[in-house]
Protein chains: 2
Amino acid sequence: MEKAIMELEAMGRVAKRASRRLAYLPTDIKNKALLNISHDLLAKKEEILAANELDRREAEASGMSAAMLDRLMLNPSRLEAMAQDVRNVAALPDPVGEVFDMRTQPNGLLIGKKRVPLGVIGVIYESRPNVTIDISALCLKSGNAVILRGGREAIHSNRALAKVVQEASSRAGVPEGAVQFIENTDRALVDHLLKMSHIIDLVIPRGGAGLIRSVYENARMAVVAGGIGVCHTYVDKSADLNKAVAIAYNAKVQRPTVCNALDTLLVHADIAPRYLPLIAAEWAKAGVEMHCDARALNILESQPGLKLVPATEEDWGKEFLALVAAVKVVASLDEALEHIERYGSGHSEAIVTEEYEAAMRFLNEVDAACVYANASTRFTDGAQFGLGAEVGISTQKLHARGPLGLRELTTYKWIIFGMGQVRA
Amino acid sequence: MEKAIMELEAMGRVAKRASRRLAYLPTDIKNKALLNISHDLLAKKEEILAANELDRREAEASGMSAAMLDRLMLNPSRLEAMAQDVRNVAALPDPVGEVFDMRTQPNGLLIGKKRVPLGVIGVIYESRPNVTIDISALCLKSGNAVILRGGREAIHSNRALAKVVQEASSRAGVPEGAVQFIENTDRALVDHLLKMSHIIDLVIPRGGAGLIRSVYENARMAVVAGGIGVCHTYVDKSADLNKAVAIAYNAKVQRPTVCNALDTLLVHADIAPRYLPLIAAEWAKAGVEMHCDARALNILESQPGLKLVPATEEDWGKEFLALVAAVKVVASLDEALEHIERYGSGHSEAIVTEEYEAAMRFLNEVDAACVYANASTRFTDGAQFGLGAEVGISTQKLHARGPLGLRELTTYKWIIFGMGQVRA
């Protein structure tokens, strides 16, 4: 272990050195590296798939579930999709080097901010091997060095993919050590990595809630992770019924396992008797189970074919990640706002209304990363928001909020052009 | 203690509730509150000075040093200066409400970012009572609620000042609880405050290095604190000698006790024999002690009237906060860059050069909050950078870097205007 830790520290120093050059590496070299990676993913298909085959055989022998095996699997079409994603990153504008807020001060000093990479990013991830390619591409494009630490179950695949990235980027002129891969899967190395705040500027955990919590608790450096999404859609008394059905249906059903899916439906009492039967009928077709408060239950209990359950206190503020929704009838917009303030996780919240003032109040008063009027919360996504690639969705308030794109992997420094000025 | 903690939690809930309204409080109400505070500071001079007199009598009895007593003291001219500072904050533009990056997406969704306050800010500070006014004004203007916890030795002054702030802002229509003051000076309450991440979005420690370290180690929420400044000035071989003397003199002497003062002077070997005697003579007049490496010592040792000390390894990377400078002769710009990378704290770094390429390389390659060509590092300051008021200077990379102004006390949320869109 001693030796492995010393190797990790050495790896860190190399990454740090590489990050200094990466910081001002021309965009065309970074793009060339990305296109090389995209090319090599297909040219070296055989090696990559053979390595993945090894992982899958070991995983199968150890009794991994079919769902987990599927997440682990690479095949020609998945490789093609990965290669395409890398080409997409190459096509995005380079966030680095932008100079902004630059002004001449009264004493003649020219002072402004220049966008620069964060430096070295650590990424700790679980079984999906595509993260190796995905995050390497994002870090390269944003000028950051990266230290990758993938899960044990995908070690052969990750090693093969990291080798592709390293060779392809080195060929383009990217400094050695820009992308580092930790081969040793000992858990103690992760603990040490999280202490390396002298090297690593930001750590990104990609995986389940357990991994994310553990990284938040143990990391000595900044952490950015996808947050928990407890998302509400509030159907106001003036809502258009068709829009309200379409939006709540989409938010719950289109992809129920993700953080921007609807968890709680709040409905104004005036519209509930007309609206709830409509959405309940649509949701029933998709198999949605409704955890209803007493007033919603009262409206729906005689309607056939519904999966109704009386809501308990635990249903409010719960992220279901499944075809389940909590449903509550509220007396007013104010009650909806209070409920969201109390139970929301600050991810994505929506109002459906035809009243201008209700929409504006909701947009003003709800404190969340993404606040919607008359649209599905499912849009909370880097690509949908026009950011291109996405690193994750932040529910923190500092640095960046909501979908994190390439720009959120950067910071700025102040640059000052003087002519000999001194302070009076 | 149990009871005090429950009271603190209740205070937190009130602050949180107030923060929701503060978030969209019109600028003119916030400015009215600031002008009221400014007015009341002078109108209630008697009460404030009497409270301060109490603090100073107790402090004197407990044997407080003259320097500390001076920091604690309020008098009519200091109150006038505080009132003026608050008027200055009122005159700054409101950072809240700005909408930016707003675009219509191909599906018709109008998506953009709106600048909003962080929410609730906790401030832990030591003896200077002016912080009570200063930070309250900055938080009010940026729409944040604030929970103040001042030092025990200034409790009477702080209580009187907090009362002025609360009454004056309430009169202007600021929601009750926007500015909270913890009267209990028990240390255990600070420990509890630092755990209240469900209430407090950001904590700002204002005081010595011990306080700042302790807050970083114990806070469960984000922390922004002034960082340690180990600042280098590098005099390149092509430097203009007059500019180089003026800049290094100013950076070291103008105010040696602050974080943006020069700590280490790096001098290119080609210019050292001409430059070092000039700056040494100037520094000697101001009483600067020079901790020199062997080559600098060799150049300076026969010059009369200097305070020379051979440098040791500890001198590199040391923040002196005094009339002391480490001095090193380097063989090249590259050696200077390597030295800064190794020993700098990422605060403020300067090059003095007449060569365009050297200036550009320095600005590109040095990784620090503020990088200067041909100016004194003493300019690293919110007012000098045109930000108006300053909360502190950050050496962190995430969220904000360098001088922190009102805008750095805000975040953004995404606002999305739809017409019924759902995700395909």
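Computed from the coordinates by the stated procedures, all read-outs in this text should not be read as laboratory data. Remember, it's a predicted structure, so these values are computed and weren't measured experimentally. We place every Cβ from the backbone using ideal geometry, glycine too, and count neighbours over all the protein chains shown.
So the values come out like this:
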{"quantity": "Estimated inter-spin distance, A:GLU335 and B:TYR24, nm [label 7 Å along Cα→Cβ]", "calculated": "2.1"}
{"quantity": "Amide proton proximity set for B:ALA222, modelled H, under 5 Å, gap of 5+", "calculated": "B:VAL203"}
{"quantity": "Closest approach to the axis - chain B beta-carbon, rotation onto A, Å", "calculated": "B:HIS399, 2"}
{"quantity": "From phi via Karplus (6.51, -1.76, 1.60), per-residue ³J(HN,Hα) for region B:113-125 in Hz, x at Gly/Pro", "calculated": "10, 10, 6, 9, x, 5, x, 10, 10, x, 10, 10, 9"}
{"quantity": "³J(HN,Hα), Karplus 6.51/-1.76/1.60, whole Hz, each residue of region A:16-22, x for Gly, Pro", "calculated": "4, 4, 4, 5, 5, 7, 4"}
{"quantity": "Label 7 Å beyond Cα on the Cβ vector: B:GLU60 copy-to-copy distances, nm", "calculated": "8.8"}
{"quantity": "Residue-wise HN-Hα coupling along region A:240-252, computed from phi with Karplus coefficients 6.51, -1.76, 1.60 (Hz; x: Gly, Pro)", "calculated": "6, 4, 5, 4, 5, 5, 4, 5, 5, 4, 4, 5, 8"}
{"quantity": "Centre separation in Å (Cα based) which lies between region B:373-389 and region B:204-244", "calculated": "14"}
{"quantity": "Spatial separation of Cα centroids for region B:291-346 and region B:98-148, in angstrom", "calculated": "41"}
{"quantity": "Residues listed by number, region A:364-390, amide nitrogen under 17 Å from B:LEU110 label point at 7 Å toward C-beta", "calculated": "A:364-365, A:371-376"}
{"quantity": "Amide H contacts under 5 Å for A:PHE181, placed H, 5+ residues apart", "calculated": "A:LEU148"}
{"quantity": "Point-to-point label distance, A:MET419-B:GLN84, nm (Cα→Cβ direction, 7 Å offset)", "calculated": "3.0"}
{"quantity": "Angle between chain B longest axis and helix B:27-43 axis [Cα atoms, degrees, rounded to 10]", "calculated": "80"}
{"quantity": "Label spacing, shortest first and in nm, from B:ARG103 to its equivalents in the remaining copies (7 angstrom along Cα→Cβ)", "calculated": "2.7"}
{"quantity": "Shape category assigned to region B:231-379 from the gyration tensor of Cα positions, a/c cut at 1.5", "calculated": "rounded"}
{"quantity": "Degrees, to the nearest 10: A:45-61 long Cα axis against longest axis of chain A", "calculated": "60"}
{"quantity": "Nm distances between copies for B:ILE29, ranked from closest, using label points 7 Å along Cα→Cβ", "calculated": "5.5"}
{"quantity": "Under 5 Å, built H, 5+ apart or other chain: amide partners of A:GLY392", "calculated": "A:LEU404"}
{"quantity": "Spin-label pair A:GLU9/B:ASN184, simplified geometry with 7 Å Cα→Cβ offset, distance in nm", "calculated": "4.4"}
{"quantity": "Distance from region A:29-87 to region B:393-424 (C-alpha centre basis), Å", "calculated": "35"}
